[in-house]
Amino acid sequence: MAQQEQYEKYYVPEQSIWPIVGAVALFLIAVGAGNFTIEVSKGKEGFGGWILLAGIVMLIVMVTGWFRNQIHESMSGLYSAQLGRSYRQGMAWFIFSEVMFFAAFFGALFYARMIAIPWLGGSSNNAMTNEVLWPGFEAVWPLLQTPGGTESTQMGWFGLPLINTLLLLTSSITCHYAHVGLEQNKRKQLSWMLGLTIILGCIFLALQVEEYIHAYDIGLTLDSGLYGNTFFMLTGFHGMHVTLGTVILIVLWFRVQKGHFTPDNHFAFQAGSWYWHFVDVVWVMLFFFVYIL
């Protein structure tokens, strides 16, 4: 009689409302943020801010509920090695999608600086282009003047941007040593290094807000044409990713305090550290291409 083949279990969770709740929350955030920005720039009152707030609250509820369900499933021993491999593949693809997300914005920056501006300046066989489309245009970057005459100021790399760069690089180191502490079962090192990483992330976000206030004080706004749009688009989306990364690290810190994770079973922590290192690398590229060059 042939021996019965043994199959590894693969946990399939029940249907969940959290994906659709998250989709609705992101939709409300997008609509609310867009309308709120327009309302502020035009000095009008509307419902954009309330829609944005509703989306943020719904997103917090979704993240809280989904994290709670995932933690319960993990701590209940429902996951198998194969499911762990699936999670790793999923996180790898998620980070790849984020790479493509930022690659699109860096690509737009490259196109504007290396193709569009020289073309408007009359490069190659377009000698009269600037005289027709924008008389007196000079092909320089950053572009600090719009066709309507609005002028802005370049954001320098020294000061807050440099400090934020050092903060994120330091946070990447502390996150790495927190991971090392977990792998070596040094819980105190894990807790302190992870807590320090969170503090550095929060300081980065606070200084980013301070930088935006300074930008508006010197005339660099969303109405500042191509340079202003590019600056706020790249730094703003990165700030959103740092915020999400900080929230993930905070959740991981509380789980550490409850005794979760072992040297052999800690993918949730590993995924969070992957994401944090990713946002650090993106900032280094952003600092180089947006602030310095």
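The values are calculated or read from the model by the stated rules, or taken from the named source; none is laboratory data. Values in this document were obtained by computation on a predicted structure and should not be read as measured data. All Cβ positions, glycine included, derive from the backbone under ideal geometry; neighbour counts span all protein chains shown. Heads up: the accessible areas ignore ligands, DNA and RNA and are worked out on the full protein's heavy atoms, side chains in. Shrake-Rupley method; radii C 1.70, N 1.55, O 1.52, S 1.80 Å.
Remarks
- Filtered residues of the range 21-50 (kept if of a type outside the set (Gly, Ala, Ser) and closer than 20 Å to residue 64 by Cα): 21, 24, 26, 27, 28, 29
Quick grid of which residues meet (1) open to solvent by 70 Å² or more (accessible area, probe 1.4 Å); (2) free of Cβ contacts under 8 Å to residues at least 12 places away in the same chain:
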{"site": "20", "(1), (2)": "yes, yes"}
{"site": "25", "(1), (2)": "no, no"}
{"site": "39", "(1), (2)": "no, yes"}
{"site": "45", "(1), (2)": "yes, yes"}
{"site": "55", "(1), (2)": "no, no"}
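- Some residue of the range 182-190 being in contact with a Leu (Cβ under 6 Å, 6 or more places away or on another chain), part of a helix (DSSP H, G or I) and open to solvent by less than 40 Å² (accessible area, probe 1.4 Å): yes
- Hits in the range 209-224 - residues which are of a type outside the set (S, T, N, Q) and open to solvent by 20 Å² or more (accessible area, probe 1.4 Å): 209, 210, 212, 213, 214, 216, 217, 218, 219, 222, 223
- Scanning the range 31-40 finds no residues that are part of a helix (DSSP H, G or I), modelled with pLDDT of 85 or more, closer than 30 Å to residue 260 by Cα and of a type in the set (Phe, Trp, Tyr).
- Every residue from the range 90-102 that is surrounded by 13 or more Cβ atoms within 10 Å (Cβ to Cβ) and over 13 Å from the mean Cα position of the chain (by Cα): 91
- Pairing residues of the range 211-234 that are on the phi > 0 side of the Ramachandran plot with residues that are crowded, with 19+ Cβ neighbours inside 10 Å and assigned to a loop (DSSP other than H, G, I, E, B), at Cβ distances under 9 Å and at least 6 apart in sequence or on separate chains, gives 219/152; 225/143; 225/152.
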